[in-house]
Amino acid sequence: MIPLSWYLILSAALFSVGLFGVLARKNAIAILLGVELMLNAVNINLVAFWRYGDVSLMAGQVFAIIVFAVAAAEVAVGLALVISVYRRRNTVIADEIDLLKW
Amino acid sequence: MTAQQIIFFIVAAVTFGSALMVVTSRNLVHAALWLVSTLFGVAIVYALLNAGFLAVVQVVVYIGAIAILFIFAVMLTRREQLESGQRLNSGWWLGAFIAVLVFGGLFAMLQGWSGFSKASADIPVGFDAIGQLGNALTSPTGFVLPFEVASVLLLAALVGAVYLAFNRK
């Protein structure tokens, strides 16, 4: 029998790794990879709380499915932005996309 | 230690190790492939949590669509694939510090919570999780409105992504 704490610690660790990726990577695509890790960590939490709470309340799984949909929308728009920026400025390095930084 | 616990440890170690490789590997194609490994580990975690439908959706949607989309994006921006010079920005140590701080904070906060090491109750015999999930997603007393809003969001994101990536000459 696996206690709830193991899932929560795994999820917190994944979230922290994703946060590090978002804060430290230079490449815009790598930053989006970090965001995906954080969304997955949230999903593990939601499903774990569904399983360890009342299983007949499906809210945890429904929320996880909506997070899937939002993640798909986020990655589609994010990668379209990256490709659009790459086409105009020929770079995907976040530090060099600084038109608003005057 | 039961078999389930050993499986969880192996899966958690693989998931965490590949997540570390996602944020540290120099080549972005490798990072995307490590992401596939992480997502597969998360799918097995869902299976361990008796959420079979979500495990399948994770494999189909995340690995089948999102990870492939990442690999396409890496290929379309190929010249930057090997990230000339540094792959981490100059403030990476601050990012690492914040990440460790967040993990420590979450761990300390969760440890003070009474339900932290709760054991799971057995799933009732004859409980149809997928049927219940389908009813919850489509019944007016359940989550039909968020479900429809999610579909509108996906449509808007699709149109927006096509508009953004469209090459106007």
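The values are calculated or read from the model by the stated rules, or taken from the named source; none is laboratory data. Quick caveat, the model's predicted, so the values are computed rather than measured. Glycine also receives a Cβ, built like all others from the backbone with ideal geometry; neighbour counts cover every protein chain displayed. Just the protein is used for accessible areas: all its heavy atoms, side chains included, with ligands, DNA and RNA removed. Shrake-Rupley method; radii C 1.70, N 1.55, O 1.52, S 1.80 Å.
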Checklist entry - Tell me, what is the per residue accessible area of the range B:129-169 in Å², probe radius 1.4 Å? => result 72
Item to check | Backbone HN-Hα couplings from phi across the range B:155-161 [Karplus 6.51/-1.76/1.60, Hz, Gly and Pro as x] | outcome: 5, 4, 5, 4, 4, x, 5
Item to check | Listed residues A:S16, A:S84, A:S56, most fluctuating in chain A (Gaussian network, C-alpha, under 10 Å) | outcome: A:S56
Checklist outcome for this item: Over all Cα pairs of chain A, the Kirkwood radius sets Rh, and Rg/Rh then becomes 1.11
Checklist entry - Remind me, relative contact order of chain A in percent, using alpha carbon pairs under 8 angstrom and six or more residues apart? => result 26
Next on the checklist: Let me check the size of the range B:1-153 from its C-alpha atoms; what are the radius of gyration and Dmax in Å?
Outcome noted: 19.7, 58
Next on the checklist: I need to check one value: relative contact order of chain B, counting alpha carbon pairs closer than 8 Å and at least 6 residues apart, in percent.
Outcome noted: 14
Checklist entry - Given a 1.4 Å probe, how much area per residue of chain A is accessible, in Å²? => result 37
Item to check | Most mobile listed residue (B:M75, B:M21, B:M109) in chain B, GNM with C-alpha springs under 10 Å | outcome: B:M109
Item to check | Karplus (6.51, -1.76, 1.60) ³J(HN,Hα), θ = phi - 60°, over the range B:126-136, in Hz, Gly and Pro reported as x | outcome: x, 6, 9, 5, 5, x, 4, 5, x, 4, 5
Item to check | Cβ-derived FRET efficiency at R0 35 Å, B:K118 paired with B:T138, nearest 0.05 | outcome: 0.70
Item to check | Percent of alpha-carbon pairs separated by more than 35 Å within the protein assembly as shown | outcome: 20
Next on the checklist: Quick check: Cα centre of the range A:2-18 to Cα centre of the range B:1-69, how many Å?
Outcome noted: 13
Item to check | Of B:V61, B:V36, B:V102, the one that fluctuates the most in a GNM where chain B has Cα springs shorter than 10 Å | outcome: B:V102
Checklist outcome for this item: With all protein chains present, the range B:129-169 has a carbon and sulfur share of its accessible area (1.4 Å probe) in percent of 76
Checklist entry - Which value, in square angstrom to the nearest 100, describes the accessible area buried between chains B and A on both sides, using a 1.4 angstrom probe? => result 7300
